[in-house]
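Visitor: Quick one: the structure is below, questions incoming.
No lab work stands behind these numbers, since they all come straight from the coordinates. Note that the structure is predicted; figures quoted are calculated from it, not measured. So basically every Cβ, Gly included, is an ideal-geometry build from the backbone, and we count neighbours across all protein chains shown.
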Amino acid sequence: MQPGQEATQCIWLRLGNDTEISVHQLHNVLSTSSHHLIVYKDDMDATEQTTPVPCQPFTGALNPTGRIFPVMITQKHDDELTLPHHVAYTLAAHQMIKIEMHYLNPTDAAAEASATVDFSAADPEAIRDEANILFIGTPDIVLQPNMMTEVHEYFDPGRASLDLTGARFFAITGHTHRLGLSVEVGTAAGNPAAAVDPAGAVTQVYAPDPFVWSEPVTTMHQPEFTLPAGGGFDFACRWYNSTSAVVRFGESANDEMCFFWAYYYPSHGSHVCAHATFRGIGVDLCCPEAGATLCDLITSKF
């Protein structure tokens, strides 16, 4: 990487496993110049590309076919995810995977960005449930210069045609960029901010103090938590914009985000979801349920 360079690159490769495996643990190690890493299970692509090439971020997660999806997202430089003892990701023999790395070199000298991913398999006889991941947030971010800003939203899975009945969440991680001060997530039976019939108390499931945007904590839940019947996720992010420019939502490290990813079982599929304002109306939507048009709309905001 040259000084000041920021980019996203990907590889596609076929694993060497001769038989189906149940992956119970993933371990990612990133260099200090890596911003984040996404590891995808890829049942769509068949051609290996083992030399990193430029790629559009999050296109795997936002693919409307649902045949390629994240199994782990990490921003920490050394991050290990251990699934509950009876839970795993099932990888077919010679499974194709995609690895996406977003990197940034803020220094005055050339630097190298690197990442490694280790998969650890479990005894398949011990596995009862398939894991998956939700990626939830909002693109409605406008940070005025030299000001503190908080965005507080509620995501309703039912409004997004997402059925999470019986889903048990065992790990959750918050995500902002460099101006982020906090990410808090809770569950509620309805929108706590609703003007009519406001919901009851929020049960907090993620609130690290301090929140370190570059090394966000993954909170493990044992026992796992569930959503209240008909309920959803209440979430809030806070930033202090110390720059002289307005900062908006975007994938670049110079833009901002308010997201969290939550690992759960049994699998209802992998989904990227958002509470967002479109044409003045607040909506909840998910990809791939939203279909190609709305998945493309979410993609365009990255």
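Visitor: Which distance in Å, rounded to a whole number, links the C-alpha centroids of the stretch 121-144 and the stretch 226-293?
Guide: So the two Cα centres are separated by 13 Å.
Visitor: Turning to a different aspect of this structure: Given bins 5 angstrom wide, list per bin the percent of all Cα-Cα distances in the stretch 6-130, short to long.
Guide: 2, 11, 20, 22, 21, 13, 7, 3, 1, 0, 0
Visitor: Let me see the pair-distance distribution of the chain: every alpha carbon pair, 20 Å bin width, integer percents in order.
Guide: Over the chain, the share of Cα pairs per 20 Å bin runs 33, 60, 7 percent.
Visitor: Test of understanding: in a Gaussian network model of the chain with alpha carbons linked when under 10 Å, which of VAL272, VAL283, VAL87 would top the mean-square fluctuation ranking?
Guide: Greatest mean-square fluctuation among the candidates belongs to VAL283.
Visitor: Can you give the net charge of the other residues whose Cβ lies under 14 Å from the Cβ of PRO3, counting K and R as +1 and D and E as -1?
Guide: Its environment carries a net charge of -3.
Visitor: Now for a different question. Could you list the GluC sites (Glu not before Pro) in the stretch 75-164 that lie in coil according to DSSP, counting only those with at most 14 other Cβ atoms within 10 Å of their Cβ?
Guide: Listed in order of number, the matching sites are GLU112.
Visitor: If you don't mind, there's one more thing I want to ask. In a GNM of the chain with a 10 Å cut-off on Cα contacts, which of ALA236, ALA111, ALA188 has the highest mean-square fluctuation?
Guide: ALA111
Visitor: Let me ask you something else. If I take every Cα pair under 8 Å that is 6 or more residues apart in the chain, average their sequence separation and divide by the length, what percent do I get for the relative contact order?
Guide: Once divided by the residue count of the chain, the mean separation gives 25 percent.
Visitor: Additional query: Along the Cα-to-C-beta direction of THR90, a point sits 7 Å from the Cα; which residues of the stretch 1-24 have their amide N less than 18 Å from that point?
Guide: 17-24
Visitor: Now for a separate question. Which ordering of ILE141, ILE136 is given by a fewest-first count of other beta-carbon atoms within 10 Å?
Guide: ILE141, ILE136
Visitor: Also, I was wondering about something else. Summing +1 for each Lys or Arg and -1 for each Asp or Glu, what net charge is found among the other residues whose Cβ lies under 14 Å from the Cβ of HIS94?
Guide: Around HIS94, the surrounding residues sum to -4.
Visitor: Give me the net charge for the shell around GLN25: Cβ to Cβ below 9 angstrom, other residues only, Lys and Arg +1, Asp and Glu -1.
Guide: Charge balance in the 9 Å sphere: -2.
Visitor: Moving on to the next point. Rg over Rh of the stretch 144-254, using C-alpha atoms and the Kirkwood radius, what does it come to?
Guide: 1.00
Visitor: Still on this structure, I have one more. Among ASN28, ASN105, ASN17, which one moves the most in a GNM of the chain with springs linking Cα atoms closer than 10 Å?
Guide: ASN17
Visitor: Another question about this same structure. Looking at the chain, what % of its DSSP beta bridges pair antiparallel, to the nearest 5?
Guide: 95
Visitor: Out of the DSSP beta bridges found with both residues in the stretch 1-131, what percent are antiparallel (nearest 5)?
Guide: 95
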